1. Conditions first: (1) out of contact with any strand residue (DSSP E or B) (no Cβ under 7 Å at 6 or more places or on another chain); (2) among the β-branched types (Val, Ile, Thr); (3) under 24 Å from His221 (Cα atoms); (4) at pLDDT 95 or above. Val172 passes all but one, so which condition is the exception?
2. Name the residues in segment 254-287 that are in a loop (DSSP other than H, G, I, E, B), surrounded by 12 or more Cβ atoms within 10 Å (Cβ to Cβ) and more than 18 Å from the chain's Cα centre (by Cα), would you?
3. Do we find a residue being modelled with pLDDT under 95 and acidic (Asp, Glu) anywhere in segment 238-247?
4. Where in segment 55-148 are the strands (runs of 3 or more DSSP E), entirely inside, with at least 2 residues that are hydrophobic (A, V, I, L, M, F, W, C), modelled with pLDDT under 95 and within 30 Å of Glu35 (Cα to Cα)?
5. Only residues in segment 92-116 that are surrounded by 12 or more Cβ atoms within 10 Å (Cβ to Cβ) count as the first member; pair them with residues that are outside any loop (DSSP other than H, G, I, E, B) and among the hydroxyl-bearing types (Ser, Thr, Tyr), Cβ under 8 angstrom, at least 6 apart or cross-chain, and list the lot.
6. What's the total number of residues in segment 28-47 that are basic (Lys, Arg) and surrounded by 17 or more Cβ atoms within 10 Å (Cβ to Cβ)?
7. Among what's in segment 178-209 and is closer than 26 Å to Ile146 by Cβ and of a type in the set (A, V, I, L, M), pick the residue that is surrounded by the most Cβ atoms within 10 Å (Cβ to Cβ).
8. Among the numbered criteria (1) buried (at least 16 other Cβ atoms within 10 Å of the Cβ); (2) out of contact with any helix residue (DSSP H, G or I) (no Cβ under 9 Å at 6 or more places or on another chain); (3) touching a residue at least 40 places away in the same chain (Cβ under 8 Å), which one does Phe147 miss?
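The values are calculated or read from the model by the stated rules, or taken from the named source; none is laboratory data. Note that the structure is a prediction, hence the values are computed from the model and not measured. Note that we place each Cβ from the backbone using ideal geometry, even for glycine, and neighbour counts take in every protein chain shown.
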Amino acid sequence: MNDSLNVLERKLSNLSFDDINLKKEIFEAFKLYKETKELEPYQAELVKLQNHIEKEGKRLIIIFEGRDAAGKGSLIGTVSRYLNPKHYRVVALGKPTKEQRYQWYFQRYVEHFPTAGEIILFDRSWYNRSMVEPVFGFCTKEEHDIFMNDVIGFEKSVCNQGIVIIKLYLSVKKTEQAKRFEKRKNDPLRSWKLSEVDLQSQAMWDEFSKMKYKMLLRTSHDDAPWYVIRSSNKHNARIEAIKLILQHFDYEGKDSNISLISNRRLVVSSKKELEMMRKRRADLFINKK
């Protein structure tokens, strides 16, 4: 399939177009078609994985975290596109109610945990308290500190109950985030995605970086490590994310012809990401704990 698509791409490149805009539209349409076809074998494996999880009564939580416009929503759409809707749910919780504010912090998330044979995709998660909430003042320092002290114990307890937790952090460049915000602003089909909080994200880039550093440093553990995925190229990030999910399970009919080896330029451990952050921004992270 890929060879055929590459041949077609070369043929399109050799065609002459009087209308430059038409040529651009044709190439954009072909690019989307090519990316869709490249994703399909991986999405087919996800269907097999879902059948395995349902058959064996397993429970899976996948957490999608990252800055605004990092590509969380579109990645979730790609992962869930061909799944059986009876056996997965996307959970994207809004602002807590007054009653929820006085509950155990994790309680409103636990209410959405998977039953036997179910996959839960968290579009943001309890890790709101590690980045978004402290940066924008939506929680107190004490609440943030309690969360950071308690979260590993909470997750270990969940994993001890047989629930698999996969934590994906999508890492987007500042320049790419700005481009995506601009696209949202000028596209009537995407304008609903742009909020005042989004617009403040660029100005508060360093504050988010500091909280990201602390989160990766203190909340990655053997039972539920963080996987950092470079997401400035959304298509590549989608493929790498699906590979990571599939790596966690053995299931019937797994296609040995599909490589699930991660691209180490695009997927790094939390430890490696922390090293790179210190190297790039010593002013923010050297001797920071």
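1. The number of the failed condition is (1).
2. Lys254, Asp255, Ile258, Arg281
3. Taking segment 238-247 and keeping what is modelled with pLDDT under 95, we get none.
No: segment 238-247 contains no residue that is modelled with pLDDT under 95 and acidic (Asp, Glu).
4. On the way: elements: 59-66, 88-91, 118-123.
Once the strands (runs of 3 or more DSSP E) in segment 55-148 are filtered for at least 2 residues that are hydrophobic (A, V, I, L, M, F, W, C), modelled with pLDDT under 95 and within 30 Å of Glu35 (Cα to Cα), nothing remains.
5. Filtered contacts from segment 92-116: Leu93/Tyr109.
6. The initial filter retains those residues of segment 28-47 that are basic (Lys, Arg), namely 31, 34, 37.
Next, from what is left, pick out any that are surrounded by 17 or more Cβ atoms within 10 Å (Cβ to Cβ): 34.
Qualifying residue count for the region: 1.
7. Kept after step one, since they are closer than 26 Å to Ile146 by Cβ, are these residues of segment 178-209: 197, 200-201, 204, 206-209.
Checking which are of a type in the set (A, V, I, L, M) leaves us with 197, 204.
Details: Val197: 13, Met204: 15.
Per the stated criteria, the residue is Met204.
8. (2)
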